[in-house]
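The values are calculated or read from the model by the stated rules, or taken from the named source; none is laboratory data. Since we're looking at a predicted model, the values are computed, not measured. Ideal geometry is used to build each Cβ from the backbone, glycine not excepted, and the neighbour counts take in all protein chains shown.
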Ligand SMILES: C[S@@+](CC[C@H](N)C(=O)[O-])C[C@H]1O[C@@H](n2cnc3c(N)ncnc32)[C@H](O)[C@@H]1O
């Protein structure tokens, strides 16, 4: 884990590029992140942060669990009152470098700190960085435009690259490791559970017979051939398989489940949890998590008498699904599948064992892993 402190003299709220817009954050031309990343639903995220300030009437402690290029972080911090602080996490050192640049000209009266960490460790990192209680916790899940547009990261089937797909060097297994080591059955399981791919068995068989795999394009073409399906508009036939492999390489579901529990444990009363998800599986996990933590009882269905004595830790009120407006989708087509959900923390204590009781479960095997 590494940390970066950024603080600077410029950028009054609303200064060019520092407001609530979704202006792209440019990558570098020196071999670092190359494409521009537009922070999705940025206006809506800033509005929620402003609502949080209005409710709490003080500067905020913000944790951006997926700081990426720093687009959301900058827009939010620029809109907050002096004295506000932001902790930004990301697994990707290249993203943190870019975020440092994006956030370098913030006014000196608001601080931010960037830490290379997995958001599944959110609670520990936030405590260590003195950000508890937090007031605003944001997750913008998945892969960034910079990662997608760098063929050497192996996320894309548009350009050939190694089958890597790791968000950062701390992720131990690459996509190639996974494809070359899993049994046909386990591969089918991965594709079905984490990509909702109906042709999972056929694709798994093709993967096993084509080993070893070296490049993203060979894999994407083999999947397209197996399905005998042409590209439909912008959607490549390998989209679901790539999503599944990326998800399992980075243990996305398990990390998100732990990250959400971490958020529940660090948010103070009246604080906001805000999550942007691009895939239905992650969105469902978020929806289930907040639904179940908003209930008065989380005992298994059919339990004759409540034994959990659970108190709701989130308020279902204000828990509305937000989708990007047509204008944002026109400006940034990658935003089209984004879904934002937000929930307000109550004053009830968080009970860590709630996750063991099945909070937010219902995806894959609940551990975000796979059988061999
Ligand atoms: C969609 S991008 C975020 C973009 C960012 N909101 C912005 O405005 O630039 C998602 C980021 O989350 C990071 N990420 C994915 N899983 C993570 C995890 N478990 N822990 C920390 N960072 C993660 C990725 O490396 C990527 O940079």
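With respect to residue 104, is the statement that it is more than 9 Å from the ligand (Cβ to nearest atom), more than 23 Å from residue 335 (Cβ to Cβ), touching a residue at least 40 places away in the same chain (Cβ under 8 Å) and not in a helix (DSSP H, G or I) true?
In short, yes.
Just for the stretch 112-133: of the residues that are buried (at least 24 other Cβ atoms within 10 Å of the Cβ) and assigned to a strand (DSSP E or B), which one is nearest to the ligand (Cβ to nearest atom)?
114
Return a yes/no flag: does the stretch 85-97 have any residue that is within 12 Å of the ligand (Cβ to nearest atom), over 19 Å from residue 250 (Cβ atoms), in a helix (DSSP H, G or I) and in contact (Cβ under 8 Å) with a residue 12 or more places away in the chain.
Looking through the stretch 85-97, at least one residue is within 12 Å of the ligand (Cβ to nearest atom), over 19 Å from residue 250 (Cβ atoms), in a helix (DSSP H, G or I) and in contact (Cβ under 8 Å) with a residue 12 or more places away in the chain.
For the stretch 98-109, check the following and say yes or no: at least one residue is under 20 Å from residue 275 (Cα atoms), touching a helix residue (DSSP H, G or I) at 6+ places or on another chain (Cβ under 8 Å) and crowded, with 24+ Cβ neighbours inside 10 Å. So that I can check it myself, show each step before the final result.
Quick first cut of the stretch 98-109, residues under 20 Å from residue 275 (Cα atoms) only: 99.
Subsequent filtering for residues that are touching a helix residue (DSSP H, G or I) at 6+ places or on another chain (Cβ under 8 Å) retains 99.
Okay, now just the ones that are also crowded, with 24+ Cβ neighbours inside 10 Å, so 99.
Within the stretch 98-109, one or more residues are under 20 Å from residue 275 (Cα atoms), touching a helix residue (DSSP H, G or I) at 6+ places or on another chain (Cβ under 8 Å) and crowded, with 24+ Cβ neighbours inside 10 Å.
In the stretch 140-152, which residue that is farther than 11 Å from residue 215 by Cα and more than 9 Å from the ligand (Cβ to nearest atom) is surrounded by the most Cβ atoms within 10 Å (Cβ to Cβ)?
150
I'm checking my understanding of the structure. Among residues of the stretch 54-71 that are closer than 25 Å to residue 98 by Cα and in a loop (DSSP other than H, G, I, E, B), which one is farthest from the ligand (Cβ to nearest atom)? First the steps, then the outcome.
Taking the stretch 54-71 as the starting set, the residues that turn out to be closer than 25 Å to residue 98 by Cα are 60-71.
Retained after the next criterion (residues that are in a loop (DSSP other than H, G, I, E, B)): 60, 65-70.
Details: 60: 17, 65: 6, 66: 3, 67: 6, 68: 3, 69: 4, 70: 6 Å.
Ranking the qualifying residues of the stretch 54-71, first place goes to 60.
Report the residue count in the stretch 114-127 for those that are farther than 15 Å from residue 92 by Cα and in contact with a strand residue (DSSP E or B) (Cβ under 8 Å, 6 or more places away or on another chain).
So the answer is 3.
Could you tell me which residue of the stretch 299-338 is farthest from residue 273 (Cα to Cα), considering only residues that are assigned to a loop (DSSP other than H, G, I, E, B) and in contact (Cβ under 8 Å) with a residue 60 or more places away in the chain?
Among those that are assigned to a loop (DSSP other than H, G, I, E, B) and in contact (Cβ under 8 Å) with a residue 60 or more places away in the chain, it is 332.
Just the residues that are assigned to a loop (DSSP other than H, G, I, E, B) and under 22 Å from the mean Cα position of the chain (by Cα), please, taken from the stretch 159-189. Before the answer, list the steps.
So in the stretch 159-189, the residues assigned to a loop (DSSP other than H, G, I, E, B) come out as 159-161, 163-174, 182-183.
Matches in the stretch 159-189: 163, 164, 165, 166, 167, 168, 169, 170, 171, 172, 173, 174.
For the stretch 235-290: of the residues being part of a loop (DSSP other than H, G, I, E, B) and either within 13 Å of the ligand (Cβ to nearest atom) or more than 24 Å from residue 201 (Cα to Cα) (or both), which is nearest to the chain's Cα centre (by Cα)?
This residue is 278.
Name the single residue, out of those in the stretch 171-207 being within 16 Å of the ligand (Cβ to nearest atom), surrounded by fewer than 20 Cβ atoms within 10 Å (Cβ to Cβ) and at pLDDT 95 or above, that is farthest from residue 223 (Cα to Cα).
Once the filter is applied, the top-ranked residue is 171.
Which residue out of 8, 17, 31 is within 13 Å of the ligand (Cβ to nearest atom), surrounded by fewer than 20 Cβ atoms within 10 Å (Cβ to Cβ) and either assigned to a loop (DSSP other than H, G, I, E, B) or modelled with pLDDT of 95 or more (or both)?
17 is the lone residue from the list that is within 13 Å of the ligand (Cβ to nearest atom), surrounded by fewer than 20 Cβ atoms within 10 Å (Cβ to Cβ) and either assigned to a loop (DSSP other than H, G, I, E, B) or modelled with pLDDT of 95 or more (or both).
Could you say which residue among 139, 155 is within 29 Å of residue 343 (Cβ to Cβ) and within 19 Å of the chain's Cα centre (by Cα)? Reasoning before the result, please.
Numbers: 155 fails: within 29 Å of residue 343 (Cβ to Cβ).
After ruling out the rest, the residue left standing is 139.
Would you mind finding the one in 278, 289 that is surrounded by 22 or more Cβ atoms within 10 Å (Cβ to Cβ), out of contact with any strand residue (DSSP E or B) (no Cβ under 7 Å at 6 or more places or on another chain) and closer than 30 Å to residue 235 by Cβ?
Only one candidate passes the filter, namely 289.
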